[in-house]
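The values are calculated or read from the model by the stated rules, or taken from the named source; none is laboratory data. None of the values given here were measured: they were computed from a predicted structure. Using ideal geometry, Cβ is built from the backbone for each residue, glycine included, and neighbour counts are taken over all protein chains shown.
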């Protein structure tokens, strides 16, 4: 078998059947059954591989550490649950016949399951009011909502204003003051920035995207314009509601001491100031990625690493943390920025000639002296 399982097949597997079809689509590359021949071992006693297994066909032997054996037949009630889910494994699993199994990355599966269970009541409640639940799932699949309590999300939907918009309509304009942010409910939009006499296309937004939030986080004028590419609907959230319901749970701040502890665990400083500011003085081994380029250059970051963002006042770094959270990164902001540090700590953090890294075009970084 080389094709992903169908929804009908997935609905018999617990708790995989709790997930929505949208979430199944995210798992689609992993939903292809794997074949084992009779006598092959699926996993060993004590193994710690972070995979969740389901038996789809054939017979499987489970043997625990005391030698007790259990034969599982595909299609039985027991086979509809994960096989020996505890890590390290409490059983050895050996195929008694040719079998097929489903193997899912446990971290991804548990993330989707936790999300679904956390938001299930909210989705059902909104569905009862006639809301498009698939759109809501697309919005809430944004990684930043992993940090937002469901109660905040419910309040956010209650306070949003729905606006019908047309193709070529400009939603926000570069240079204007920001008093709200938007979520794209339907349609597509384009983000553009004026660069002198030229215009640079920064991104194309699809359903579920949040935009206009950077001006609220940094308390600065809009740094780009957003124009609809086709007719659609946007939801408007006022500044105060955004700061209370979204920024507060998403943007995590740390002291310099807490930052030092995270550095010891493998984190890296991320300087989100302009390159000219960075070159005057920066933290040792810091990577410079100016805030206005962060969305474009975030692909240069290591998704397995934690980033400690800093700037002068803390406002740009708060924007950076919010953006990185949207993209699925782990990030913290230095509380109130380097200007709030005592002189001795500031001088200890920033050095004029310390080595660091610059994010360059073409998908590369280079050392700075």
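What to note about this one:
- Selection of helices (runs of 4 or more DSSP H) fully inside the range 279-364 by the criterion of at least 1 residues being at pLDDT below 90, in contact with a strand residue (DSSP E or B) (Cβ under 9 Å, 6 or more places away or on another chain) and more than 20 Å from residue 263 (Cα to Cα) returns 294-297, 315-326.
- Selection count where residues are within 24 Å of residue 201 (Cα to Cα) and surrounded by 15 or more Cβ atoms within 10 Å (Cβ to Cβ), scope the range 230-270: 5
Yes/no per residue for (1) in contact (Cβ under 8 Å) with a residue 60 or more places away in the chain; (2) surrounded by 12 or more Cβ atoms within 10 Å (Cβ to Cβ):
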| residue | (1), (2) |
| --- | --- |
| 9 | no, yes |
| 17 | no, yes |
| 20 | yes, yes |
| 24 | no, yes |
| 33 | yes, yes |
| 36 | yes, yes |
| 39 | no, no |
| 66 | no, no |
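Each row is one residue, and each column tells you yes or no for (1) assigned to a loop (DSSP other than H, G, I, E, B); (2) more than 30 Å from residue 153 (Cα to Cα).
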| site | (1), (2) |
| --- | --- |
| 22 | no, no |
| 27 | no, no |
| 66 | yes, yes |
| 83 | yes, yes |
| 88 | yes, yes |
| 94 | no, yes |
| 110 | no, no |
| 113 | no, no |
| 116 | no, no |
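- Among the conditions (1) within 21 Å of residue 144 (Cα to Cα); (2) buried (at least 16 other Cβ atoms within 10 Å of the Cβ), residue 282 misses just one, which is (1).
- Summed over the range 68-81, the residues that are part of a loop (DSSP other than H, G, I, E, B) and touching a helix residue (DSSP H, G or I) at 6+ places or on another chain (Cβ under 7 Å) give a count of 0.
- Residues of the range 168-185 satisfying the condition of being exposed (fewer than 15 other Cβ atoms within 10 Å of the Cβ) and in a strand (DSSP E or B): 170
- Subset tally (residues that are touching a residue at least 12 places away in the same chain (Cβ under 8 Å) and either assigned to a strand (DSSP E or B) or on the phi > 0 side of the Ramachandran plot (or both)) for the range 188-202: 7
- Flag if residue 101 is part of a strand (DSSP E or B), without any contact (Cβ under 8 Å) to a residue 60 or more places away in the chain and farther than 20 Å from residue 239 by Cα: no
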